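Input: a single structure, listed below in structure tokens.
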């Protein structure tokens, strides 16, 4: 009753509050190119969209099904290769480009169907090991089966040779961005709806307690198999989109490193919430493209952050965000502002100080002998002076010191904000 | 026939090297129930520390062989105590992901300190000579040295595990940790010790394999997945299975790389006709396939087949 009064507006048979996040997301996707319209920015955004589809498809297994795969890039890569073969086929001129990811999806689905038929028999370590073996197998096959994979140089094609789609030939990056965004939006909606179907719900049950699910009359193996196959389809779609964006597929698209990256992205974002991997994909793509331009060591920082997240925040970034909800509900979110400023902020600044020291020592050892000039945080200085070493050192020590000193106060404030006051 | 014996020796060297890694990994699996993805990273650290100690500090090869594994073992024990034990409460999958992240991190740290390229870590002068020869092929003393060290370690491990009191406590703690704890033994300490010794063994493998296989930041991932294959094929938790699988995989990969067997021989034997213009044919990969080409993937095919048809491995007692 009370629910009806707060959500009185109905749209498409759903309360508006349920649809609102989707509508906002669609509007953001629509107007983003107005602000980020350059070629490289559009490419980064498109890449982000592809990673989002892939990460969500991966989380169908890891988060929703409890299956840890070390070879999931195989299905995306195979979709990608297949789409490029279609692009090079003589009948590509009769196919509108927007339908291409569908072909990639079905190819991914077929392979997931074949491999899943034996790999999903068990979850846990067996599944992880089989997926690793399959991943290594396909990475090696790329160099052996040159007819399909094109050997080391891979397969390339041209997306604009397809049938014009209402006059659009997908030559410009903007057209490709919109194509990928629409596909991404549709895929995300479909994956969300899948997680709400009985099969999607049973996947959660099988993840948490396979034995009990079996006693309820569900075959754990079939539920896992269904999730795996559907996940393969969306991986293939992501592969098709990547074929459209990059117009090339190589061994690096399906090797074990690529599979490891998607695990990292998904876990970083958080596997517990449907939208967690989306956060992971956005953050990772930004780190890889923006931070990757600034420093050679971004993978080192990524490794540190990743291990830190696994150790201290196993729920990932989305888990950190959602842990604020209790404080929001008790109305005490405001009381956390000061602890954040006294504890987390110095910690972050101290971390940046450490990063500066790391960057400087890397610069000294790997740069040329007579090269002392370097730029860090928009400041130019020489690494042969003492002062540039002292400043970040002091910042690091003071920052981390403050963070450690104020940590108990932060924890107390946190506990206080997250719990309801005792009933008087 | 000469080539056959040379390959037997080469395969034995590689197999025993695999065993030094897989023995530690399989012991760690038995006690924690989780596969340590970062195990090969300790192998890599062993090689790099040995390089630093023997070449840069100047303690010589033997100095590296003794000191580096100790450092690696202490590092491993610390990671078990402060990292794995913390993640253990979240469950198996986060544990596996933690070790995976650790493997990535170690690789990046190694790149930071020693650079992207292969470093100049070589076998010592006094082992760099041809010990004997089979036909035309000479066998270097270093290979024999590797075999001896691995045999020595296997013997020592077997002795400690089966004949000493500590070994009995370890074996008991693997199967009935609660009971052993109730008898007054510090089981978490035993686990930490086993983890430390297991990683130290990987370190030894790194020290002696670094000069032979090359010391570079990718060495952990190159060997790491093969080590997994080994313990899965041998049966998780079985030391003898690990030995058998290590030798099997060592010989398979060595022989596959050495004999340039062409698959067209088989196809011709079946009475198939070779396409006239092979490079335009869709089946060209099948006709030009050679054994060395598929050598690297044979272990993975073996593992997938084992997991599908015999999930407890060659000698394992429990399913994975």
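The values are calculated or read from the model by the stated rules, or taken from the named source; none is laboratory data. Just so it is clear, the model here is predicted, and its values are computed rather than measured. Every residue, glycine as well, gets a Cβ built from its backbone with ideal geometry; the counts of neighbours run over all protein chains shown.
Tell me whether region A:206-228 contains one or more residues that are within 14 Å of chain B (Cβ to nearest Cβ) and farther than 25 Å from residue B:92 by Cα.
no
Is it the case that some residue within region A:309-329 is over 30 Å from residue B:88 (Cβ atoms) and assigned to a helix (DSSP H, G or I)?
yes
So for region B:56-74 (the condition being closer than 30 Å to residue B:258 by Cβ, at pLDDT below 90 and either within 14 Å of chain A (Cβ to nearest Cβ) or surrounded by fewer than 24 Cβ atoms within 10 Å (Cβ to Cβ) (or both)), does at least one residue qualify?
Yes - at least one qualifying residue is present in region B:56-74.
Considering each of B:211, B:217 in turn, give the residue that is surrounded by 20 or more Cβ atoms within 10 Å (Cβ to Cβ) and within 14 Å of chain A (Cβ to nearest Cβ).
Answer to the selection: B:217.
Within region B:121-142, does at least one residue satisfy the condition of being modelled with pLDDT of 85 or more, part of a helix (DSSP H, G or I) and either within 13 Å of chain A (Cβ to nearest Cβ) or under 30 Å from residue A:125 (Cβ atoms) (or both)?
no
Only one of these conditions is not met by residue B:145: (1) over 27 Å from residue A:67 (Cβ atoms); (2) within 14 Å of chain A (Cβ to nearest Cβ); (3) assigned to a helix (DSSP H, G or I). Which number is it?
(2)
Those residues that are in a loop (DSSP other than H, G, I, E, B) and within 9 Å of chain B (Cβ to nearest Cβ), I need them from region A:124-158; list them, please.
Answer for region A:124-158, where residues must be in a loop (DSSP other than H, G, I, E, B) and within 9 Å of chain B (Cβ to nearest Cβ): just A:145.
Give the number of residues within region A:107-123 that are touching a helix residue (DSSP H, G or I) at 6+ places or on another chain (Cβ under 7 Å) and away from chain B (no Cβ under 12 Å).
7
Identify all residues within region A:231-251 that are away from every other protein chain (no Cβ under 14 Å), part of a helix (DSSP H, G or I) and surrounded by fewer than 24 Cβ atoms within 10 Å (Cβ to Cβ); write none if there are none.
Answer for region A:231-251, where residues must be away from every other protein chain (no Cβ under 14 Å), part of a helix (DSSP H, G or I) and surrounded by fewer than 24 Cβ atoms within 10 Å (Cβ to Cβ): A:245, A:246.
Looking at B:57, B:9, can you tell me which residue is closer than 30 Å to residue B:145 by Cβ and without any contact (Cβ under 8 Å) to a residue 12 or more places away in the chain?
Every option except B:57 fails the conditions.
Kindly evaluate residue A:155 against the criterion of being in contact with a strand residue (DSSP E or B) (Cβ under 6 Å, 6 or more places away or on another chain), in the same structural domain as residue A:99 (by TED's automatic domain parsing) and in contact (Cβ under 8 Å) with a residue 40 or more places away in the chain.
Considered against the rule, which asks whether it is in contact with a strand residue (DSSP E or B) (Cβ under 6 Å, 6 or more places away or on another chain), in the same structural domain as residue A:99 (by TED's automatic domain parsing) and in contact (Cβ under 8 Å) with a residue 40 or more places away in the chain, residue A:155 comes out as yes.
Quick check: is even one residue across region A:128-147 over 29 Å from residue A:263 (Cβ atoms), modelled with pLDDT under 85 and buried (at least 18 other Cβ atoms within 10 Å of the Cβ)?
Within region A:128-147, not a single residue is over 29 Å from residue A:263 (Cβ atoms), modelled with pLDDT under 85 and buried (at least 18 other Cβ atoms within 10 Å of the Cβ).
For region B:223-317, give me every one of the helices (runs of 4 or more DSSP H) that falls completely inside it and has 1 or more residues that are crowded, with 17+ Cβ neighbours inside 10 Å and within 10 Å of another protein chain (Cβ to nearest Cβ).
B:284-288, B:291-294, B:298-309
Any residue in region A:193-208 that is within 27 Å of residue A:23 (Cα to Cα) and not in a helix (DSSP H, G or I)?
Yes, the conditions are met somewhere in region A:193-208.
In region B:86-108, which residues are more than 7 Å from chain A (Cβ to nearest Cβ) and closer than 15 Å to residue A:297 by Cα?
Within region B:86-108, B:106, B:107 qualify.
When you look at residue A:195, is it within 26 Å of residue A:96 (Cβ to Cβ) and buried (at least 18 other Cβ atoms within 10 Å of the Cβ), yes or no?
Considered against the rule, which asks whether it is within 26 Å of residue A:96 (Cβ to Cβ) and buried (at least 18 other Cβ atoms within 10 Å of the Cβ), residue A:195 comes out as no.
Please find, among A:47, A:41, the residue that is assigned by TED's automatic domain parsing to the domain that holds residue A:261 and either over 23 Å from residue A:236 (Cα atoms) or out of contact with any helix residue (DSSP H, G or I) (no Cβ under 7 Å at 6 or more places or on another chain) (or both).
Only one candidate passes the filter, namely A:41.
I'd like the full set of residues that are crowded, with 18+ Cβ neighbours inside 10 Å and within 22 Å of residue A:314 (Cβ to Cβ), limited to region A:284-300.
A:284, A:299, A:300
Give the residue that is modelled with the lowest pLDDT, with candidates limited to residues of region A:289-326 that are under 18 Å from residue A:51 (Cα atoms) and away from chain B (no Cβ under 14 Å).
So the residue we want is A:290.
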